[in-house]
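Notes to accompany the following structure.
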Amino acid sequence: MDTVSDNPLRRFTSFWLGLSIFFAFAILCVLLVPFLKGKKSDSADGAAAAKRVEIRKAMEEAQASALKGSPETVFGQVGNDLLTGRPEAVRDNAQVVPGSPTAVALQSAPDEVVTIAKVDPEAPIDPAVFEAGKAQYILCQACHGVTGDGVPGLAPPLANSNWVGGPVENLIRIQLRGLTGPLTVSGTKYELPVPMVAQAFQTDEQIASVLTYVRNSFGNKASAVTPEQVKAFRGEVGKPALTEKDLIPTGDTAEVTPNDQ
Ligand code: HEC
């Protein structure tokens, strides 16, 4: 027999010591439980998880309502979007690869007849548009001169030009397609070595403002040009440069002896 367990005093002390440790541990647990519980319920992790569930639910609901039907209709919708939503650059012919079948088809296609809303020539010019056009004229001034008088051997004048004061259709199309000579401007025939290249990279607003500016500067006085008028001719971008016979006659193209080249 073990002598320790036979000792009554030892057994008594061990019993009470064990019991005390047990109770101390129990009390500790009782004290800790609410603390751990509370800590868990409002911890940052718990809140984040709850938020994720909430967001996901909202997303699923939004997706379900956007699809308006069974999952199969998704394919139909995506297909329709792809067919109808051609990128703007392709739609406007701004990105046609030279020599490609599209480019060839465009070159030989007859010009569409475009009709545009006229602007009242008496209507005041918007100063903001005029200023924007003046800034945009930086593009033109190397060839047509700061004062619009043209540069001999490079470009004809815009000052008092029958074309600048004439139909806006001509001016818009010159911007979008370029212009190749010979060309008679206010009675003087110009045969310049380099044609005017298209400036179609400009936005509708930029073309409208620069044309409004030249039509009301350098002694010219004519109606403003609107972005809507420019937009109507965007389909011509990519076509070959215009020649004088493509332009609407202005009634002021009679040729006289060249004196300004
Ligand atoms: C690289 C030189 C060059 C630039 C830049 C240029 N043009 Fe021209 N432009 C010409 C030439 C050259 C002609 C005549 C075409 C020909 O005879 O081949 C012309 C013709 C014109 C005409 C018709 C003729 C006339 O004198 O009235 C207008 C209008 C015109 N340009 C406006 C503009 C405007 C507006 C800009 C700026 C957005 C511009 N051009 C930029 C070279 C240029």
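Of note, residue 244 does not satisfy the criterion of being among the charged types (D, E, K, R) and farther than 16 Å from residue 169 by Cβ.
Among the residues of segment 172-212, none is identified as near the ligand (Cβ under 8 Å from one of its atoms), of a type in the set (Ser, Thr, Tyr) and under 25 Å from residue 127 (Cβ atoms).
Among the residues of segment 185-195, those that are open to solvent by 10 Å² or more (accessible area, probe 1.4 Å) and either touching a helix residue (DSSP H, G or I) at 6+ places or on another chain (Cβ under 7 Å) or part of a loop (DSSP other than H, G, I, E, B) (or both) comprise 186, 191, 192, 193, 194, 195.
Looking only at segment 202-214, decide whether some residue is open to solvent by 20 Å² or more (accessible area, probe 1.4 Å), closer than 16 Å to residue 250 by Cα and acidic (Asp, Glu). For segment 202-214, residues open to solvent by 20 Å² or more (accessible area, probe 1.4 Å), closer than 16 Å to residue 250 by Cα and acidic (Asp, Glu): absent.
The values are calculated or read from the model by the stated rules, or taken from the named source; none is laboratory data. Given the structure is predicted, the values throughout are model-derived calculations rather than measurements. Reconstructed Cβ throughout: ideal geometry from the backbone, glycine too, with neighbour counts over all protein chains shown. In case anyone asks, the SASA skips ligands and DNA or RNA and just uses the protein heavy atoms, side chains included. Shrake-Rupley method; radii C 1.70, N 1.55, O 1.52, S 1.80 Å.
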